[in-house]
Structure formats: structure tokens, C-alpha cells
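> Here's a structure for you.
Any read-out appearing in this document is the output of simple, stated calculations on the displayed coordinates, not a laboratory observation. Note that the structure is a prediction, hence the values are computed from the model and not measured. Every residue, glycine among them, receives a Cβ derived from its backbone with ideal geometry; neighbour counts consider all protein chains shown.
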Amino acid sequence: MKKHEMDEVHAEEAMTQYGSICFRVRKKDGCKVLLITSRDTGRWVIPKGWPMKGKSGPEAALQEAYEEAGVEGRVRAESSGLYSYDKILDDGTPQPCVVTVYPVKVVHLHGKYPERDQRRRRWFSPKKAAKKVNEPELQEILASFDPDLQAGGKSGAA
């Protein structure tokens, strides 16, 4: 969302964002989810961002996963859930946001991506990832994340 569009929104109105739970499944260590650090505080978060013109929610979530974490993958159309948080704007005011989260099966992790110099990324088990993030609703989504149950299919279906 462009800054001038944000200026038109009153802080009491919740804004929509799209995020992704980027995951991989390996025989040796099972399911892992990828968390990244926020640019401002260094907290652990999932890739997320504003709606994008011409892109669906899942497509925007996949684009954010690439820009923020270097993820190339397959996004599922069905969401894993919603969570809310307050984004602190440049002027210090909180902007309520509701994030729709989509599972993204990671096919490739790029070494070069747009925000590589601004963030760190790390793999965690879903339960450990849940303990790393601050948002209670996102903690619940991560703690119960099971790629075999997402979208009613097996982890290979994306």
C-alpha cells in the first residue's frame, strides 16, 4: 500500500494484510517453518504485506515471501487462519491490521532477494516458532500448523 493511501485511512479502521507460513517437510527433521526478523525491532515474524493490485490474497502472500525471505514456493488457496496486530506507522501511531495467513510450501530458498540485507531468516519447528512470535493468534496458528491437514491434502499438494 502506498504511503498516500495509508494517509487516507483512519487508525481505528483495521487494514488487511496477507502473510505466509513458509514450510518444508524433510524425513530427518519433519516440518519446519521459516521465520524472519522485522526490519524495525528485529522481532521474529512471518512474511506479510499489503494487498497488491492485480494479485489475489494468496498471490500477494507468495510475493511477500519472496521479497522478505527469498522464498520460491507453492501457495495454497485456503488460508491457515487470521491474526491481528498493531503496525506502528512512521509517525508512531498504531494501525490495526488483520492478516490472512496462507501456507507456502518452499521449493527453493534464494540467497539473493530484495530484503536480504534488512532481515534474518531461520527455520523452526511449528511449536518453537509459535513461542518466538509475539501475536497470540499467530502463536495458535503456528503451534497447530500441520502441513498434512492444511487445505485438506497432503504436504505435496500445493
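> Which is the longest stretch in the chain that no exposed loop site breaks, taking sites as GluC sites (Glu not before Pro) with a DSSP loop state and at most 12 other Cβ atoms within 10 Å?
Maximal segment without exposed cleavage sites: 79-158.
> Right, here's the next one. Between ALA14 and LYS53, take the C-beta separation as r, use R0 = 35 Å, and let me know the FRET efficiency to the nearest 0.05.
Working: r = 20 Å, r/R0 = 0.57.
FRET efficiency, ALA14 to LYS53: 0.95.
> Between LEU149 and SER125, how many nm apart are label points set 7 Å from Cα along the C-beta direction?
1.6 nm
> Which of the residue pairs LYS28/LYS105; LYS55/LYS131; LYS28/LYS55; LYS28/LYS132 have a Cα-Cα distance greater than 28 Å in the structure shown? It would help to have the intermediate numbers written out before the result.
On the way: LYS28/LYS105 17 Å; LYS55/LYS131 31 Å; LYS28/LYS55 36 Å; LYS28/LYS132 23 Å.
Check vs 28 Å cut-off fails for LYS55/LYS131; LYS28/LYS55.
> Among the trypsin sites (Lys or Arg not before Pro) in the range 22-57, which ones are in a DSSP loop with at most 14 other Cβ atoms within 10 Å of the Cβ? Mind listing them?
Numbers: sites: ARG24, ARG26, LYS27, LYS28, LYS32, ARG39, ARG43, LYS48, LYS53, LYS55; in loops: LYS27, LYS28, ARG39, ARG43, LYS53, LYS55.
Counting only loop positions with at most 14 other Cβ atoms within 10 Å, the trypsin sites (Lys or Arg not before Pro) in the range 22-57 are LYS27, LYS28, ARG39, ARG43, LYS53, LYS55.
> For helix 57-69, report the angle its Cα long axis makes with the longest principal axis of the Cα atoms of the chain; keep it between 0 and 90° and round to the nearest 10°.
Orientation of helix 57-69: about 90 degrees from the principal axis.
> Using a Gaussian network model of the chain with C-alpha springs under 10 Å, which one of VAL98, VAL71, VAL33 is most mobile by mean-square fluctuation?
Most flexible of the set in this elastic network: VAL98.
> Taking amide H positions as placed 1.01 Å from N in the peptide plane, with prolines and chain starts having none, which residues 5 or more places from GLN17, or on another chain, fall under 5 Å of its amide H?
Counting only residues 5 or more places away or on other chains, the set is VAL98, VAL99, THR100.
> Further question on the same structure: Restricting to DSSP loop positions (anything but H, G, I, E, B) with no more than 13 other Cβ atoms inside 10 Å of their own Cβ, which trypsin sites (Lys or Arg not before Pro) remain in the range 57-158?
Details: sites: ARG74, ARG76, LYS87, LYS105, LYS112, ARG116, ARG119, ARG120, ARG121, ARG122, LYS127, LYS128, LYS131, LYS132, LYS154; in loops: ARG76, LYS112, ARG116, ARG119, ARG120, LYS154.
Of the trypsin sites (Lys or Arg not before Pro), the ones in loops of the range 57-158 whose Cβ has at most 13 other Cβ atoms within 10 Å are LYS112, ARG120, LYS154.
> How far apart, in nm, are the 7 Å Cα→Cβ label points at ASP86 and LYS28?
4.4 nm
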